[in-house]
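Everything below concerns the one structure shown next.
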Amino acid sequence: MPRVETTADLLVHDADLLATLDDARREIAGGWVAVTGGVVSGVGGPADPPPAARRSVDARGCLVTPGLVNTHHHLYQNLTRSFAPALTGGLFEWLVTLYPLWARLDEEAAYVSAYVGLTELALAGCTTSTDHLYVHPRGAGDLIGAEVRAAQDLGMRSHFTRGSMSLSVKDGGLPPDSVVQDDDEILAESQRLVEAHHDRSPHALTRLALAPCSPFSVSPALMSRTAELAERLDVRLHTHLAETQDEEAFCLERFGRRPVDHLSDVGWMGERVWLAHVVWPSPDEVVRLGAARVGAAHCPSSNMVLGSGLAPVAELRAAGAPVGLGVDGSASADSASLWLEARTAMLQGKLRHGAGSFAARDALELATRGGAACLGRTGEVGELSVGACGDLAVWPLTGVAFAGALSDPVEAWLRCGPVAARHTVVGGRFVVEDGVPVHPGLDEQLAVHRRVSERMQAPV
């Protein structure tokens, strides 16, 4: 009996459906979940008396899920959202157009883009997000530290990655000289940031990972040395891989190897690693990635916007690779909604393998447990079970968009809509309440964001 004897901090009760995403994938009509001290302290249904609580939320007419987990993002890119000169090219053209603008990043820009971007994610039910900040202009200051402050101000659970680029145009790469660094500088700063911000405790709000940008922007030596540093510091590894066919051609020309072979050569084929996109692995490479338990951040909207392709999600999952969802940056249809990514993942799955091959529950699994596995946090986030983080989203299933959707709340959640979260809760604390961000600084930060965006988008 999931009875809680002590008074809970928060009780969410009488949900039309509580989708726990626990090991048994329990779905409880009329369900409730209690959070105490930031951790789930009880889960039950109508037959299970709920605990007394300091605060109660009536979830009638709603689906309650674990908070969604975003496994790939570039928060700073909302400063150049829908930038007209970059809208018609593929990945390489898009990057070359925007690198000179991103070279203007500074601490103010990093803070305000993180504040606005994390708020946007929370409005769509995201409670844990990663960020991949790989542009570090000379003299820009502590960009990762600024992002951490924004996440702490908002109360969002965050995995920041210290990205890097070491190959500029003169070295055969794509970025300008002003945003690349040498290997020793990158590794020293990576270690400093891990020591300053990485919280190893259970239910941590802030963690760090190391994330060289991509095969076409860093040297093999940096990839290898970063893997060695991550092993020594016991942190995770992240990079872009197999996103486009152009990348495959680049790797074959420069390294004489396909991207997955290159990944293996530099010591990145292991459970510590999760990759962004993974659109173009061969069938054999899918098997190898799965056997190594390398995770994949599926970014369906971005892959369509840039014409990159349709990732083999079902095949990766069948091979044993953890697969989560990512909103990506301003490539991602210029929107940062994990609800949208879940819906798009469902539609792409049906497009690839047929209408019965990929359901709303598959997409919800990617957005929760799959993301948790990519981040090494299975059992902590992405599920509602006793002892897990008290992170949840309450989704309204009422109004015009849901009229007639009576038979299956989970399918209705993605097939109908669009829908934003009514409440988003991180560690038992509201980040979004009644559809409105709780932190009082949003209007001020939006004004700062407008000013910084105008500065960044000014003609080069």
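Which residues, taken from the range 391-419, are open to solvent by 30 Å² or more (accessible area, probe 1.4 Å), in a helix (DSSP H, G or I) and free of Cβ contacts under 8 Å to residues at least 40 places away in the same chain?
Correct list: VAL400, ALA401.
Any residue in the range 433-460 that's more than 18 Å from ALA109 (Cβ to Cβ): show its pairings with residues that are aromatic (Phe, Trp, Tyr) and assigned to a strand (DSSP E or B) at Cβ separation under 7 Å, as long as the two are six or more apart or on different chains.
VAL438/PHE430
With (1) within 21 Å of GLY326 (Cβ to Cβ); (2) open to solvent by 50 Å² or more (accessible area, probe 1.4 Å); (3) in contact with a Ser or Thr (Cβ under 8 Å, 6 or more places away or on another chain); (4) not hydroxyl-bearing (Ser, Thr, Tyr) as the list, and ARG258 as the residue in question, which single condition is left unmet?
Single failed check for ARG258: (1).
Can you confirm whether SER301 is of a type in the set (Ser, Thr, Tyr), more than 28 Å from PRO85 (Cβ to Cβ) and modelled with pLDDT of 95 or more?
no
Do any strands (runs of 3 or more DSSP E) entirely within the range 1-103 hold 2 or more residues that are open to solvent by less than 10 Å² (accessible area, probe 1.4 Å), and if so, which?
10-15, 17-19, 31-36, 39-44, 62-66, 68-70
Taking the options SER190, SER201, SER219, name whichever one is modelled with pLDDT under 95 and either of a type outside the set (Val, Ile, Thr) or open to solvent by 40 Å² or more (accessible area, probe 1.4 Å) (or both).
Answer to the check: SER219.
If I filter the range 49-64 for residues that are among the basic types (Lys, Arg), over 17 Å from ALA367 (Cβ atoms) and touching a strand residue (DSSP E or B) at 6+ places or on another chain (Cβ under 6 Å), do I get at least one hit?
Yes, that holds for at least one residue.
Just one of TYR99, TYR76 is closer than 22 Å to SER214 by Cβ, among the hydroxyl-bearing types (Ser, Thr, Tyr) and over 18 Å from the mean Cα position of the chain (by Cα); which is it?
Step by step, each of TYR99, TYR76 is checked, and only TYR99 is closer than 22 Å to SER214 by Cβ, among the hydroxyl-bearing types (Ser, Thr, Tyr) and over 18 Å from the mean Cα position of the chain (by Cα).
Please state which of the following conditions ASP362 fails to meet, knowing it meets all the rest: (1) out of contact with any helix residue (DSSP H, G or I) (no Cβ under 7 Å at 6 or more places or on another chain); (2) open to solvent by 10 Å² or more (accessible area, probe 1.4 Å); (3) closer than 29 Å to GLN77 by Cβ.
Every listed condition holds for ASP362 apart from (1).
Please pick out the residue among GLY267, GLY320, GLY326 that is open to solvent by less than 10 Å² (accessible area, probe 1.4 Å) and not aliphatic (A, V, I, L, M).
Checking each option against the conditions leaves just GLY326.
Residues are listed down the side, and each one gets a yes or a no for (1) in contact with a strand residue (DSSP E or B) (Cβ under 9 Å, 6 or more places away or on another chain); (2) open to solvent by less than 10 Å² (accessible area, probe 1.4 Å):
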| site | (1), (2) |
| --- | --- |
| SER113 | no, yes |
| ALA122 | yes, yes |
| TYR134 | yes, yes |
| GLY163 | yes, yes |
| LYS170 | no, no |
| LEU174 | no, no |
| ASP182 | no, no |
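Can you tell me how many residues within the range 139-158 are open to solvent by less than 10 Å² (accessible area, probe 1.4 Å) and farther than 17 Å from GLU107 by Cα?
Total satisfying the criteria: 3.
With the requirement that a residue be outside any loop (DSSP other than H, G, I, E, B) and within 16 Å of the chain's Cα centre (by Cα), what does the range 374-390 give you?
Listed by number, the residues that qualify are CYS374, THR378, VAL381.
Suppose we filter ARG455, ARG352, ARG451, ARG422 for residues that are open to solvent by 40 Å² or more (accessible area, probe 1.4 Å) and closer than 25 Å to HIS13 by Cα; which single one remains?
ARG422
The values are calculated or read from the model by the stated rules, or taken from the named source; none is laboratory data. Quick caveat, the model's predicted, so the values are computed rather than measured. Please note: Cβ atoms are built from the backbone with ideal geometry, for glycine as well, and neighbour counts cover all protein chains shown. SASA here: full protein model, heavy atoms, side chains in, ligands and nucleic acids out. Shrake-Rupley method; radii C 1.70, N 1.55, O 1.52, S 1.80 Å.
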